[in-house]
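Note sheet for the following structure.
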């Protein structure tokens, strides 16, 4: 695909305004850092949208012009309007890619597409996370080594209540004793979904080169390819002759 | 499992009361025929529930005592209360098996668990359906031959908008030229879900010996095994020592 | 990937020399027609190799310079040397893509990578095949409609003895009453494998525009992305301290 | 299934005869301990077979009477005759269950069925392993909690070169910093295969109650259900009329 991938980076953007620790790490919001990284990766045009904009910045027009949407939310999942959730879900089913980041595992959008609770174990202790590649041939693992490390992160542990991934790309080891399926792929309708675990708001995770590379790889993987319309048929359109029933 | 599987057979039960053609085929409702077949299969205790009962017959008490729920709905998906849909979904995620029959592909319960539209192609022409076994070693195919036929059925054709099945058991060939993934398995949370295509209300499909066998096999496959609770952890409970951050 | 994909089109090339009917359809061999189509698709450099060349044309040097190998064999699977089979398998596990065409389902290479017999039902009756898209968002389905037809083909029917595909892209309907999983994807090691059913030697299937498009899409999907080496570790290299056992 | 499952426990049985440390842990061989545990689990008849018996104890007669085979090998994979490997593979494809234990990941049988190298990272340091349940509703996890621990085990780490599992049941955390897909399910032909990681010969792993429970659950899960024969068809047997080609 030689035309650029049109990415919309969505962020809840509340922690960064209210919490000094987070503000110090992401003064312009996590979305600004993610968007900057994707621009630098090349081959993409990037815009951002946040919760407190009208319609959360996700109007039908914006979604129609979005090939891949990235989603970070945490403290205000309940403030996302059901109408917008439905709109995003429908757009994914029609082919828009979706990259769900970190605490987005509990977003309405992700839960609607998975059909499960998205529940998991967690712990905030600033511990070490080592992310192992289990599918080294997968496009999302391109350029990532056997593993990479984050010195300090929130822990997410199994059991992670999601449908079994179509493809599992990364597994995390945590210093405190847990493991987690950190990079996982699903297809829903025509849309591709990638969940990527790292990204707690109090750590500079989105400034990490490996994390940025994985998100960019995820965007490229999730970008839509084909588009077709659904149809329903009536008897007169049968492709082969069906004798009348007696 | 030597204790009987507790099955609840749910039916919309509207067509059978209003349409003479359907009434002639299923005078006591499709649920009566399905329940009778499951009782005859052995190893199960079976009750029924229908849309027009209070809470659609699916109170928290009934669901708590149900190991596997079978679901047939068609004309009144919209009449199923969201509260009951949520209750059924949660119960599946906790481990209750779910057998979705025919037009149940568009039920709120199935769509909530799949995250997709459940859309498909269809045609009512009373054509022949031949159902092929693609996973002959699967428990749901036990006792079914390489294929079996239904002389007259409604056609459902691809593309069927569901997540890729964890296991595909049956494929249908239709006289008019279509194919369909007719028997498909998913796990959501701790619950197992089996979708089985045949069962249009105007044909005696649920009286067919092969169809009855597959539904009974499906119930046995979907019956819950393990039960565990979710937990979240706090830092003091870390399994391995984590040095304090400086 | 802006550098061209290096494709090697492998053909048994025996039927075309011995059977007048086949020769009439493919005077220069099926590989010539497939290679021509891939060149026309763009973004690829294409060479061919055939069974009766030294080492079947698949020397270590040729394989090292091949990103994606396509394979057509039928009457002489047994003549392919085990040494070459092993070489191809190892190259796939290291990341080379593999497109297995039609009767290649019984090739030593495919069976070694699948671990199953590759058995299926078949019938030569020149019947109609209609190929349905079940994963419309998949890159291999790009540009293909809801279905396409081949007026005359050999029939392959289920049960097809292969591991459940990672992704199922196409299903075939046959005039004589069978169905088949006609387009299926697997990953083995770092290599991606696509099996595509059509292509009996007596029909001009490889001249069909849809078939050519699917094979080109398959090549693009199977082209390798990442490359990493395996390692084994010794205790002194443990990433975290392990106290000595007492 | 009320008739007992017929299990054959296969062991290389070399370490236990040659290495005093191993002999101290398993004086009668690992197979004796595994067989004893399966007998105690109930519902099974259990025999054993070892490498140095004629035909490795796996004659056609023994395999014909085996519903599920468990396999432990390590130092002598190369001594297993190709003829017996082929026999076991064929029997699995026909429906026999296979439980592959620990270093069996490099056995000829497992590699033939997977199509991959089975390579992984490893380290012998007697470190702690914590095994997490990721599919709590799966029959193989029945009765196992959120996790269980082994105080001392050999480490196996990702990337584990196997096809993506049909179902992933357990993940391991290792003290030294690695993770591993420790419990994984595949179906090949009609046969079910379960790989379970723990079981280094120098530790009393097969005496652990959780390990014994998982192996017994695995045997029950892998026991065959249905049996059908393959067929090939000729034109005269077409199910639907095919007009003669002109």
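Read-outs: derived from the displayed coordinates by stated rules, not from any lab. From a predicted model like this one, the values you see are computed outputs, not experimental measurements. We place every Cβ from the backbone using ideal geometry, glycine too, and count neighbours over all the protein chains shown.
Packing around the peptides B:10-17, D:176-183, taken as the average count of other Cβ atoms within 10 Å per residue, puts them in this order, highest first: D:176-183, B:10-17. Considered as an equivalent ellipsoid built on the Cα gyration tensor, the protein assembly as shown has semi-axes of 38, 36, 33 Å, the largest given first.
Taking a point 7 Å out from the Cα of residue B:20 in the direction of its Cβ, none of the residues of region B:196-213 has a backbone N less than 14 Å from it. Relative to the longest principal Cα axis of chain B, at what angle does helix B:30-41 sit, 0 to 90 degrees, rounded to 10? Relative to chain B, helix B:30-41 is tipped by roughly 70 degrees.
A convex hull fitted around the alpha carbon atoms of region A:76-188 yields 108 Å³ per residue.
Residues D:28, A:82, D:161, arranged from fewest to most other Cβ atoms within 10 angstrom of their Cβ, appear as A:82, D:28, D:161.
For chain A, modelled as a GNM whose springs connect Cα atoms under 10 angstrom apart, the maximal fluctuation among A:72, A:122, A:173 occurs at A:122.
For the rotation that carries chain D onto chain C, the axis lies closest to a Cβ at D:115, 2, where the number is the distance in whole Å.
With respect to chain C, whose longest principal axis is taken over its alpha-carbon atoms, helix C:209-222 is tilted by about 10°. Inter-chain Cβ neighbour count for C:16-28, averaged per residue, equals 0 (cutoff 10 Å, partner chain atoms only). Using every Cα-Cα pair within region A:124-233, state what percent have a distance larger than 19 Å. Pairs farther apart than 19 Å: 47 percent.
If one computes P(r) from the Cα atoms of region C:190-229, what percent of pairs lie at distances over 16 Å? The answer is 45 percent, as a whole percent. Relative to the other identical copies, residue C:36 shows label-point distances of 5.5, 6.4, 7.2 nm, where the label point lies 7 Å from Cα along the Cβ direction and values run shortest first. Based on every Cα atom in region A:167-219, Rg and the maximum pairwise Cα distance Dmax equal 12.4, 38 Å.
Starting from the label point of residue D:60 at 7 Å along Cα→Cβ, the same points in the other copies fall at 4.0, 6.2, 6.9 nm, in ascending order.
With a 10 Å cut-off around each Cβ of A:181-193, the average count of Cβ atoms from other chains is 4. In this assembly of identical copies, the label point of residue B:146 (Cα plus 7 Å along Cα-to-Cβ) is separated from its counterparts by 3.1, 4.9, 5.1 nm, sorted shortest first. Across region D:140-192 the C-alpha pair distances fall into 5 Å bins from zero in the proportions 4, 16, 25, 21, 19, 10, 3, 1 percent. Using a 7 Å offset from Cα along Cα-Cβ at residue B:237, what residues in region A:96-124 end up with backbone N under 14 Å from the label point? Taking a point 7 Å out along Cα→Cβ of residue B:237, the residues of region A:96-124 whose backbone N falls under 14 Å are A:120-124. In region D:96-145, the alpha-carbon atoms span a convex hull of 130 Å³ per residue.
Enter the angle in degrees (range 0 to 90, nearest 10) between the Cα long axis of helix B:82-94 and the first principal axis of the Cα atoms of chain B, meaning the one along which they spread out most. Between helix and principal axis, roughly 70 degrees. Which residue fluctuates the most in chain B, going by a Gaussian network model with Cα springs under 10 Å, if the choices are B:48, B:202, B:59? The residue with the greatest mean-square fluctuation here is B:59. Computed on the Cα trace of region D:1-105, the radius of gyration divided by the Kirkwood hydrodynamic radius gives Rg/Rh = 0.96.
The C-alpha radius of gyration of chain C, expressed as a fraction of 2.2 N^0.38 Å, stands at 1.09. Shielding by partners for peptide C:81-94, expressed as the average number of C-beta atoms from other protein chains within 10 Å of each residue's C-beta, is 1. According to the Cα-based calculation, Rg over Rh for region A:1-51 is 1.08, with Rh computed by the Kirkwood formula. Using C-alpha pairs under 8 Å with a sequence gap of at least 6, the mean separation divided by the residue count of chain C gives a relative contact order of 20 percent.
Could you let me know the centre-to-centre spacing of region D:29-80 and region B:77-115, using Cα atoms, in angstrom? Going from one Cα centre to the other spans 45 Å.
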